[in-house]
Amino acid sequence: MKAINKEPMASVFHPVERFIPETHDTFTLEFRPKNNSAEFHFRPGQFNMLYMYGVGEVPISISGDPANSAKIVHTVRAYGSVTSRMMTLKKGDPLGVRGPFGRGWPIETLSGHDILLCAGGIGVAPLRPVLYYILAHREKFGQAILIYGERTPGDLIYREQIEKWRGRFDLEVNVTVDSAREGWHGNVGVVTTLISRLQCDPANTFAMLCGPEIMMYYTIKELKNRGLPDNHIHISMERNMKCGIGFCGHCQVGPKFVCKDGPVFLYSQVEHLFRKQEI
């Protein structure tokens with residue numbers, strides 16, 4: 001096996017193979033390694049640094065299937081100059097990639113347990129690889145639940161895939177939106193409104209959360225009200241990451257570097273740092 005890039009600070013440019021519009025401001029990019037003999041391996045929850053030549057570089061979570069080493073997949077929501085420029089990419093255009101970086105979700109260590117995934121907004125993208133892993137090893141896990149919240153029905157991503165997941169008998173999928181007009185027949189309300197309805201065993205359930213920190217904060221409170229201990233809750237934190245290897249210090253929060261020690265943390269280890277921008 002050949003590595004895509006042995007130098008963590010040097011981007012390797014890969015041509016875009018597919019540009020998939022998800023919503024008006026969100027899209028999925030698929031690449032194949034420039035060297036077709038190379039393989040790309042990552043752990044669910046890790047991220048790459050994506051570089052637009054002449055514009056800048058941003059950290060973006062990997063959203064593809066960890067079992068597919070021939071493809072690199074990122075789902076991006078345009079919110080700044082770099083990601084907005086990425087919306088102009090088309091098939092064949094080059095994009096710089098560094099990575100993968102960070103610590104991922106510990107899904108491989110949770111065999112025999114029930115798994116609850118709670119996603120808010122674009123936070124469903126970093127959790128999708130976990131779901132791929134669970135479904136590929138379904139016999140290893142107990143109950144599997146996905147809760148996904150968005151602002152409006154028009155902001156929902158992976159719509160076709162979510163519909164397929166909802167049709168499975170071994171996966172529970174719950175979707176909610178903050179507000180909706182006529183035509184939406186699903187749940188309306190924040191993510192926490194769905195947690196109160198769950199049928200789960202707190203002692204055997206491990207939760208993984210990704211989304212806006214305010215959403216995760218109240219979700220954690222609700223999970224703890226349901227009896228989940230702090231050491232059964234994992235969160236993905238987001239900070240201003242630049243280097244990806246804990247060198248520049250931009251993402252440091254207390255003694256932790258989000259790019260290297262995270263972005264996935266056990267909540268009991270970072271409870272005192274959670275929702276603090278810097279210390």
Say whether the condition of being more than 22 Å from P212 (Cα to Cα), among the aromatic types (F, W, Y) and over 19 Å from the mean Cα position of the chain (by Cα) is met by at least one residue in the range 22-31. no
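Does the range 167-178 hold any residues that are open to solvent by 60 Å² or more (accessible area, probe 1.4 Å) and closer than 21 Å to T219 by Cβ, and which are they?
Those that are open to solvent by 60 Å² or more (accessible area, probe 1.4 Å) and closer than 21 Å to T219 by Cβ: E172, D178.
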Members of the range 180-207 that are closer than 18 Å to G154 by Cβ, open to solvent by 70 Å² or more (accessible area, probe 1.4 Å) and modelled with pLDDT of 90 or more: V188, V190
Can you find a residue in the range 216-236 that is in contact (Cβ under 8 Å) with a residue 60 or more places away in the chain and at positive phi? no
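Residue-by-condition table, conditions (1) touching a Lys or Arg at 6+ places or on another chain (Cβ under 8 Å); (2) not polar (S, T, N, Q):
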residue: G112; (1), (2): yes, yes
residue: H137; (1), (2): no, yes
residue: G142; (1), (2): no, yes
residue: Q199; (1), (2): no, no
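Check every one of the helices (runs of 4 or more DSSP H) wholly within the range 53-172 and list those with 2 or more residues that are farther than 19 Å from T23 by Cβ and modelled with pLDDT under 95.
Values: elements: 81-86, 124-136, 159-166.
Where helices (runs of 4 or more DSSP H) fall fully within the range 53-172, none carries at least 2 residues being farther than 19 Å from T23 by Cβ and modelled with pLDDT under 95.
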By residue number, the members of the range 79-95 that are open to solvent by less than 20 Å² (accessible area, probe 1.4 Å) and either β-branched (V, I, T) or more than 23 Å from P44 (Cβ to Cβ) (or both) are V82, T83, L89
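In this structure, is A10 of a type in the set (A, V, I, L, M), open to solvent by 20 Å² or more (accessible area, probe 1.4 Å) and without any contact (Cβ under 8 Å) to a residue 40 or more places away in the chain? Outline the logic, then answer.
Numbers: of a type in the set (A, V, I, L, M): yes; open to solvent by 20 Å² or more (accessible area, probe 1.4 Å): yes; without any contact (Cβ under 8 Å) to a residue 40 or more places away in the chain: no.
So A10 fails the test.
The values are calculated or read from the model by the stated rules, or taken from the named source; none is laboratory data. None of the values given here were measured: they were computed from a predicted structure. Backbone-built Cβ (ideal geometry, glycine too); neighbour counts: all protein chains shown. Keep in mind that these areas ignore ligands, DNA and RNA; they rest on the heavy atoms of the full protein, side chains included. Shrake-Rupley method; radii C 1.70, N 1.55, O 1.52, S 1.80 Å.
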